[in-house]
Amino acid sequence: MNIHRYERWWLTFGVTMLVAFLALIGFAAFADNINPPSDMQQIDPTKVAQTPPFDRPGPRRTGADSYEAYYVARVFSFDPAVLRVPAGSLVRFYVTSADVVHGFFIPKTDINMMAVPGWVNTQEHRFTRPGEYLLICHEYCGLGHQDMFAKIEVR
Ligand SMILES: [Cu+2]
């Protein structure tokens, strides 16, 4: 089989790039220890209401200006419906679902997660500006999806 010289160069370039990128991915995964999330906490989705700390959803003060906020998402609401924290608070959100997959999105912040039954998702944000923040479900979860929201009051 006769392969044109330019075609051979192009094939060599393509295979070289493929090997280089695979090597970079391998390096990142093993040498730099970059992995997909694998340490997520699990929870029995049928026993969310009995499993601490999700049996009492809401905020817990963990420091002078830091809070943990435990949220349960279910059709078509979030529990707690209102979270009140002082301005400047660093809030770590812990989110799970008691039924189907929901979204957990707070516009104008970097909080954007999924509430997945069986799993506890977590993210944190510092609320520096006082005001009322909307927490919305941004994953279609059923006929009442558009009514699924909660509020965060920062004072
Ligand atoms: Cu929804």
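Here, each number is a calculation from the coordinates, and none is a lab measurement. Bear in mind the structure is a predicted one, so any value in this text is a computation, not a measurement. Using ideal geometry, Cβ is built from the backbone for each residue, glycine included, and neighbour counts are taken over all protein chains shown.
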### Normalised contact order of the chain, rounded percent, pairs of Cα under 8 Å and 6 or more residues apart
21
### Message
Taking the 0 to 90 degree range and rounding to the nearest ten, how far is the long axis of helix 5-26 tilted relative to the main principal axis of the chain, both from C-alpha atoms?
### Response
30
### Message
If I model a spin label at THR12 and VAL101 as a point 7 Å from the Cα along the Cα→Cβ vector, what separation in nanometres do I get?
### Response
4.6
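Take every DSSP beta bridge whose two residues both sit in the chain, then give the antiparallel share in percent to the nearest 5.
Numbers: 27 of 40 bridges.
That works out to approximately 70 percent antiparallel.
Which value, in debye to the nearest 20, describes the size of the charge dipole of segment 53-92 about its Cα centre when Lys and Arg Cβ atoms bear +1, Asp and Glu Cβ atoms bear -1, and nothing else is charged?
On the way: 6 positive and 4 negative charges, 6 e Å.
The dipole magnitude comes to about 40 debye.
Determine the dipole magnitude for the chain: charges of +1 sit on the beta-carbon of Lys and Arg, -1 on that of Asp and Glu, nothing else is charged, the reference point is the Cα centre, and the result goes in debye to the nearest 20. Mind showing how you got there, number by number?
Details: 14 positive and 15 negative charges, 61 e Å.
Using only the charged Cβ atoms, the result is roughly 300 debye.
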### Query
What are the ³J(HN,Hα) values, in whole Hz, obtained from phi via the Karplus relation 6.51 cos²θ - 1.76 cosθ + 1.60 with θ = phi - 60°, for each residue of segment 63-79 in sequence order, with x given for Gly and Pro?
x, 4, 9, 10, 9, 10, 10, 9, 10, 10, 9, 8, 5, 10, 7, 10, 10
## Note on the structure
Going residue by residue through segment 51-58, the Karplus relation 6.51 cos²θ - 1.76 cosθ + 1.60 with θ = phi - 60° gives ³J(HN,Hα) values, rounded to whole Hz and with x marking Gly or Pro, of 9, x, x, 7, 6, 10, x, x
### Query
Roughly speaking, what is the centre-to-centre gap between segment 79-104 and segment 1-61 when only Cα atoms are used, to the nearest Å?
26
### Message
Please compute the modelled spin-label separation between ILE34 and ASN2, points set 7 Å along Cα→Cβ, answer in nm with one decimal.
### Response
4.6
### Task
Rounded to the nearest 0.05, what FRET efficiency do VAL82 and ASP110 give with R0 = 22 Å and r taken as the Cβ-Cβ distance? Could you check?
0.55
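Mean 1/r over all different Cα pairs, inverted: what Kirkwood radius does segment 41-154 give, in Å?
Details: mean 1/r = 0.0720 Å⁻¹.
Hydrodynamic radius (Kirkwood, Cα only) of segment 41-154 equals 13.9 Å.
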### Query
Short version: ³J(HN,Hα) in whole Hz for each residue of segment 139-155, in order, from phi by Karplus 6.51 cos²θ - 1.76 cosθ + 1.60 (θ = phi - 60°), x for Gly and Pro, what are they?
10, 4, 10, x, 5, x, 3, 5, 9, 8, 7, 8, 10, 10, 9, 10, 10
### Query
Of LEU134, VAL95, VAL48, whose Cα points farthest to the positive end of the dipole of the chain (charges on the beta-carbon: +1 Lys, Arg; -1 Asp, Glu; origin at the Cα centre)?
LEU134
